[in-house]
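Asker: Let me begin by handing over the structure; questions about it come next.
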Amino acid sequence: MELVQIQRRLVDYTKSLFMEGFLDAQFLQLQQLQDDSNPDFVFEVVSLFFEDFEKLLNELTIALDQPNVDFKKLDSHVHQLKGSSSSIGAQRVKNACIAFRNYCDVQNIEGPKQVPNMSATSEARVLPCEEQV
C-alpha cells in the first residue's frame, strides 16, 4: 500500500474517532507536539497510555473483586485513569471514569457494572488502526 494511501486512511480513521466521541481536542494538541525531531511522539504517548490503561484495569478488577471494596483505593485508580485519558484526549474513557468516580463517591458497588466496558470499547476501536499503520 502506498504511503499516501496509508496516511489518508489514518486521517479518515482519526476523524471517525472524533465523530464517534472517542477523541477530543486534547488529542489534536498532542498531535501538534509531534515534529520532525520526534516523528513517533503520538504513537509513543498513546502506546504508554495503553500500557498504563491495562495495568489500571487489572488493579480495578482486583479491587472490585474484594469482599470489602476499598472505595478510596478504587477511586484513586479511576482518578489516575481519568487523568491519563484526559491528557491524550481519550474522551470516552474520561467520561466513563467520571461516571465510575461518582459511584465511588456514594460507595455504590453495583454502579460500576453500568459503566461501559472501557477496555473492550477503546481497544477494539483503536487497535485496528495501529495494526494498519
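Asker: For the range 2-98, which GluC sites (Glu not before Pro) are in a loop by DSSP, counting at most 14 other Cβ atoms within 10 Å?
Answerer: Numbers: sites: Glu2, Glu20, Glu44, Glu51, Glu54, Glu59; in loops: Glu2, Glu20.
Those that pass, being in a loop and sparsely packed, are Glu2, Glu20.
Asker: Another question, if that's okay. Give the accessible surface of the range 19-62 per residue, rounded to a whole number of Å², with probe radius 1.4 Å and ligands, DNA and RNA excluded.
Answerer: With all protein chains present, the range 19-62 gives 67 Å² per residue.
Asker: Determine the share of the range 3-123's accessible area contributed by carbon and sulfur atoms, expressed in whole percent, with a 1.4 angstrom probe.
Answerer: 53 percent
Asker: Once R0 is set to 25 Å, what does the formula 1/(1 + (r/R0)^6) return for the Cβ-Cβ distance between Glu20 and Lys73, expressed as a FRET efficiency to the nearest 0.05?
Answerer: 0.20
The values are calculated or read from the model by the stated rules, or taken from the named source; none is laboratory data. In this text the structure is predicted, and so the values were computed from the model without any measurement. Cβ: placed from backbone, ideal geometry, glycine included. Neighbour counts: every protein chain shown. Just so you know, the surface numbers come from the protein's heavy atoms only, side chains and all, with ligands and any DNA or RNA stripped out. Shrake-Rupley method; radii C 1.70, N 1.55, O 1.52, S 1.80 Å.
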